[in-house]
Amino acid sequence: MRLVGIGFSALALVGLIACSKIPDTVKIGVAQPLSGPLAALGKDMLQGVELAVKEINASGVVVDGKTVHFQIVAVDDQSSPGVGAQVASHLVDEGVVAVIGHLNSGVSIQAAPIYAARNIPQLAISTQPKYTQLGFPTTLRLVASDTIQGRAMGAYAATTLSESAGACAVVDDSTSYGKALADLAEKSLSGHGRTVALRRSFDDKTTEFGSLVKELKTRSVETIVTTLADFQVVALIEQLAAAELTNIKIVGGDTLKTNKLLARKLPLEVFATSPVLEPREFYRGAKFVEAFSAAYGHPPVYGSHYAYDAMYLLSNAVHRANSVDGKVLTTKLRELDFMAPVTNVMKFGPDGEQLYGSVGVYRPRGGRWEPLMSSDRW
């Protein structure tokens, strides 16, 4: 594996792979946040690809009669759209045939036109719907989008948490991501016949919710559906408990499914949704966790199993296409109905969405997020 920075030269263009011949080494870009607050998640994604490449190279992949060797070119996008565009250009110059990246939706969206201009397929774990709505044939999603997650948040709150038709509140963090996901959840709640008695927005740093708590009590809200961050929800829970509103249930998105809530004894029920299912939820997940833990000395952190499967998908596509040409490879990726080693079937729809991507629902229990249910049909 090569880990490269962003101080590169345009002279690297000479390394571009010609579509007329199969190279000895096939380069795969991995673009993730490898520094900053999301570094643990980005490194987890990179390690998933590393593990897959080690196994694939050991078994050998034949392309047009020639055994090839896969090489990772890893870059740090720093969770920044601007840096993401720079490292995307660098990966193009390095001659990668595909990219597993990025994690953040804003970064994936910024980088997508750069990959598309060179016909380089981009496999992203990003969830914002806009990513595939860009309309590029090269933009492919590895998990369910926030369209499905928003539906899941609303459906679970509306149909599972209460036998009554009690009122709900929808609270977002004023970010474009949070507001959009909250809008989808609100639409889902209404579609299931639940009354949305209160819709409020707070900035993404607020921890003072006194006015909200008063309104929740006045309007007899029984469920809060929210896109607030974990530390904000912790503060809200404390203020709800102080007001003796411990009968209220909270349903959050994937920004809530962190270790911060696991470290606390919660006085009310909390649930979180996520399009990134955990390895143990899959039949072959235990085997992956065992191999990953043996390789890195710790269990998977985030979406390494999806990155692992994405690498196997790329290897299979290169083999079946008998080519590393971007257009040919993109077409083959869109055709495949691939049984992935861990996460079961990977199949892209016409819009690049993952056809069988599921969203799970979790609750904190016994020091971990306990899976309750998952579905691709919310």
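So, in the range 145-192, exactly how many residues are of a type in the set (Lys, Arg) and either in contact with a helix residue (DSSP H, G or I) (Cβ under 8 Å, 6 or more places away or on another chain) or free of Cβ contacts under 8 Å to residues at least 12 places away in the same chain (or both)? It would help to see each step written out before you state the result.
As a first pass, look at the range 145-192 and keep what is of a type in the set (Lys, Arg): 151, 179, 187.
After this cut, where a residue has to be either in contact with a helix residue (DSSP H, G or I) (Cβ under 8 Å, 6 or more places away or on another chain) or free of Cβ contacts under 8 Å to residues at least 12 places away in the same chain (or both) as well, the list is 151, 187.
Summing the residues that are of a type in the set (Lys, Arg) and either in contact with a helix residue (DSSP H, G or I) (Cβ under 8 Å, 6 or more places away or on another chain) or free of Cβ contacts under 8 Å to residues at least 12 places away in the same chain (or both) in the range 145-192 gives 2.
Tell me, yes or no, whether the range 208-223 has at least one residue that is closer than 21 Å to residue 127 by Cβ and touching a residue at least 12 places away in the same chain (Cβ under 8 Å). Break it down stepwise before answering.
Start the filter on the range 208-223 by keeping residues that are closer than 21 Å to residue 127 by Cβ, which leaves none.
No, the conditions are met nowhere in the range 208-223.
Inspect the range 299-306 for any residue being of a type in the set (Gly, Ala, Ser), closer than 30 Å to residue 228 by Cα, in contact (Cβ under 8 Å) with a residue 40 or more places away in the chain and assigned by TED's automatic domain parsing to the domain that holds residue 104 and give the result as yes or no. So that I can check it myself, show each step before the final result.
Step one: filter the range 299-306 for residues of a type in the set (Gly, Ala, Ser), giving 303-304.
If we keep only those that are closer than 30 Å to residue 228 by Cα as well, we get 303-304.
Right, trim to in contact (Cβ under 8 Å) with a residue 40 or more places away in the chain and you get 303-304.
Keeping just the survivors that are assigned by TED's automatic domain parsing to the domain that holds residue 104 gives 303-304.
Checked against the condition, which is being of a type in the set (Gly, Ala, Ser), closer than 30 Å to residue 228 by Cα, in contact (Cβ under 8 Å) with a residue 40 or more places away in the chain and assigned by TED's automatic domain parsing to the domain that holds residue 104, the range 299-306 yields at least one hit.
The residues in the range 85-144 that are hydroxyl-bearing (Ser, Thr, Tyr), in contact (Cβ under 8 Å) with a residue 60 or more places away in the chain and part of a loop (DSSP other than H, G, I, E, B) can be counted, and the count is 2. Could you please tell me which pairs satisfy a Cβ distance under 7 Å, a separation of 6+ or placement on different chains, a first residue in the range 50-65 that is without any contact (Cβ under 8 Å) to a residue 24 or more places away in the chain, and a second residue that is buried (at least 16 other Cβ atoms within 10 Å of the Cβ)? Note: pairs meeting the criteria are 57/70.
The single residue among 258, 223 that is touching a helix residue (DSSP H, G or I) at 6+ places or on another chain (Cβ under 6 Å) and over 22 Å from residue 105 (Cα atoms) turns out to be 223. For the range 219-258, taking the residues that are among the polar types (S, T, N, Q) and touching a strand residue (DSSP E or B) at 6+ places or on another chain (Cβ under 9 Å), the one that is nearest to residue 193 (Cα to Cα) is identified as 223.
Consider the range 145-172. How many of its residues are among the charged types (D, E, K, R) and assigned to a loop (DSSP other than H, G, I, E, B)?
Filtering the range 145-172 for residues among the charged types (D, E, K, R) gives 146, 151, 163, 172.
Still in the running and assigned to a loop (DSSP other than H, G, I, E, B): 163.
Looking only at that region, the number is 1.
When the residues of the range 262-297 are filtered to those that are under 16 Å from residue 368 (Cα atoms) and of a type in the set (D, E, K, R), the one that is surrounded by the most Cβ atoms within 10 Å (Cβ to Cβ) is 278.
Answer yes or no as to whether residue 321 is of a type in the set (A, V, I, L, M, F, W, C) and under 26 Å from residue 39 (Cα atoms). The answer is no for residue 321.
Screening the candidates 204, 230 for the property of being touching an Asp or Glu at 6+ places or on another chain (Cβ under 6 Å), among the charged types (D, E, K, R), closer than 25 Å to residue 260 by Cβ and surrounded by fewer than 21 Cβ atoms within 10 Å (Cβ to Cβ) yields one hit, 204.
Report, by residue number, each residue of the range 240-298 that is of a type in the set (S, T, N, Q), free of Cβ contacts under 8 Å to residues at least 24 places away in the same chain and in a loop (DSSP other than H, G, I, E, B). Answer for the range 240-298, where residues must be of a type in the set (S, T, N, Q), free of Cβ contacts under 8 Å to residues at least 24 places away in the same chain and in a loop (DSSP other than H, G, I, E, B): just 246. Of all the residues in the range 322-360, those that are touching a residue at least 40 places away in the same chain (Cβ under 8 Å), in contact with a strand residue (DSSP E or B) (Cβ under 8 Å, 6 or more places away or on another chain) and not small (Gly, Ala, Ser) number 10.
The values are calculated or read from the model by the stated rules, or taken from the named source; none is laboratory data. These numbers were taken from a predicted model, which means no experiment stands behind them. All Cβ positions, glycine included, derive from the backbone under ideal geometry; neighbour counts span all protein chains shown.
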